[in-house]
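Structure first, commentary second.
The values are calculated or read from the model by the stated rules, or taken from the named source; none is laboratory data. Here the structure is a predicted model, which means the values were calculated and not measured. For neighbour counting, all protein chains shown are included, and Cβ atoms are generated from backbone atoms with ideal geometry for every residue, glycine included. Ligands, DNA and RNA are excluded from the accessible area calculation, which covers all protein heavy atoms including side chains. Shrake-Rupley method; radii C 1.70, N 1.55, O 1.52, S 1.80 Å.
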Amino acid sequence: MTRVEQILLHARALQTIQQESLVSATDGNETGGILLGRRSDAGNVHVHFAGTPGPAAIRSPDFFLRDLQHTKAFANRHYFDHSVVWIGEWHTHPHSVPIPSQQDLTTYTNLLADPELDFGGEFTSLILGPTTTSEWALVGWACGDMRSRQVPIRHFR
């Protein structure tokens, strides 16, 4: 297992996250999607693509569930076209700070325990939420075993 040291967020993934998060900022419900990319031996997680919630997603002020069919189709298409894999997820916390909740940590821990998935021992999470200055911040997290630690995000074109 290589420890996640930083998240390298590519411009097209950031653009998707920014566009989709506007919906959350407007209606007050969480939204999000999967992150597709690659891990490096140096502890870098390259996020090349960010998914959208999909038309059948369930969204509420404190809960979000992706449209599974939409997500699978997105992941399969990008795997075959770009050789990228599921490395994590992004979502909004429209009414709380951008820190993984207990529900988030439980979800990530369950995904890490699934023998068919290989997240390299840590699940990458990007959470967008309001800060104390009434602005929104995108914060990177490496999560595992009901724990999380903040990791820096670097933006790539």
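Observations on the structure shown:
- Taking the listed residues Thr2, Thr16, the one that is at pLDDT below 95, out of contact with any helix residue (DSSP H, G or I) (no Cβ under 8 Å at 6 or more places or on another chain) and open to solvent by 20 Å² or more (accessible area, probe 1.4 Å) is Thr2, with no other qualifying.
- The set of residues in the stretch 134-157 being charged (D, E, K, R) and in contact (Cβ under 8 Å) with a residue 12 or more places away in the chain consists of Asp145, Arg147, Arg154, Arg157.
- Residues satisfying the criterion are present in the stretch 86-96 (criterion: at pLDDT below 95, more than 14 Å from the chain's Cα centre (by Cα) and open to solvent by 30 Å² or more (accessible area, probe 1.4 Å)).
- Among the residues of the stretch 121-155, those identified as in a strand (DSSP E or B) and open to solvent by 70 Å² or more (accessible area, probe 1.4 Å) are Trp136, Arg147, Gln150, Arg154, His155.
- Count of residues meeting criterion [more than 24 Å from Ala25 (Cα to Cα), free of Cβ contacts under 8 Å to residues at least 24 places away in the same chain and over 14 Å from the mean Cα position of the chain (by Cα)] in the stretch 97-113: 2
- Looking only at the stretch 34-43, residues that are touching a residue at least 40 places away in the same chain (Cβ under 8 Å) and within 18 Å of His82 (Cα to Cα) come to 6 in all.
- Condition check for Arg77: open to solvent by 70 Å² or more (accessible area, probe 1.4 Å) and touching a strand residue (DSSP E or B) at 6+ places or on another chain (Cβ under 6 Å): no
- Odd one out for Thr71 among (1) touching a residue at least 24 places away in the same chain (Cβ under 8 Å); (2) under 30 Å from Thr132 (Cβ atoms); (3) of a type in the set (Ser, Thr, Tyr): (2)
- Of Thr52, Thr31, Thr26, all but one fail to be buried (at least 19 other Cβ atoms within 10 Å of the Cβ), farther than 14 Å from Gly88 by Cβ and without any contact (Cβ under 8 Å) to a residue 60 or more places away in the chain; the exception is Thr52.
- Test: residue in the stretch 88-99 that is of a type in the set (Ser, Thr, Tyr), closer than 13 Å to Gly32 by Cβ and touching a Phe, Trp or Tyr at 6+ places or on another chain (Cβ under 9 Å): yes
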